[in-house]
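Step one of this worksheet: look at the structure below.
No lab work stands behind these numbers, since they all come straight from the coordinates. No experiment lies behind these values; they were computed from the predicted model shown. Cβ: placed from backbone, ideal geometry, glycine included. Neighbour counts: every protein chain shown.
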Amino acid sequence: MSELSIYDFDLIMADGSKLLMSAFKGKVILIVNTASNCTFNKQLYQLQELYSKYSDKLVIIGVPCNQFGAQEILPNEKIIERYKENFNVTFPLHEKSVVNGKKQLPLYTYLKNEKKSLLGFKGLKWNFEKFLINQQGEVVKRYSTYVLPPSIEKDILELI
């Protein structure tokens, strides 16, 4: 495991602001790579439901990504607009980023080193893979695209 902590990362959000992960100490965090044109985009509604329900104890961070099937082609300003208008998203959105490969977001290097996929892979396979982090900052679960947000609720409840 890494000497780094989730709280060591500073993120650049889609609106250009800086978000310090250390601000979320004591909260459960769910980080998801997203794409608004993906066939799995209905998960954005489901993620928003979880966020609305538990926002006092849960932070969801969406990381828009165009790496899988070029399904997030909009620039950051338009991504924010689309997510709000089409999916009612109010949870924080990172700037559009790369989540696999040499240019991947350092946060994703950390997440994938901390928790491999069920089959032991580090790399993400598609949009809407999810990482669940407990209140102590430990990456405790990783979910594939096919695990829908309502299925994760029980794991979130165990942590909050």
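Some points to look at:
- Residues of the stretch 10-49 that are under 24 Å from ASN134 (Cβ atoms), out of contact with any Pro (no Cβ under 7 Å at 6 or more places or on another chain) and surrounded by 16 or more Cβ atoms within 10 Å (Cβ to Cβ): LEU11, MET21, PHE24, LYS27, VAL28, ILE29, LEU30, ILE31, VAL32, ASN33, LEU44, GLN48.
- Selected residue (criterion: farthest from ASN41 (Cα to Cα)) from residues of the stretch 74-125 that are surrounded by 15 or more Cβ atoms within 10 Å (Cβ to Cβ) and of a type in the set (Gly, Ala, Ser): SER117
- Test: residue in the stretch 66-73 that is in contact with a helix residue (DSSP H, G or I) (Cβ under 9 Å, 6 or more places away or on another chain) and surrounded by fewer than 22 Cβ atoms within 10 Å (Cβ to Cβ): no
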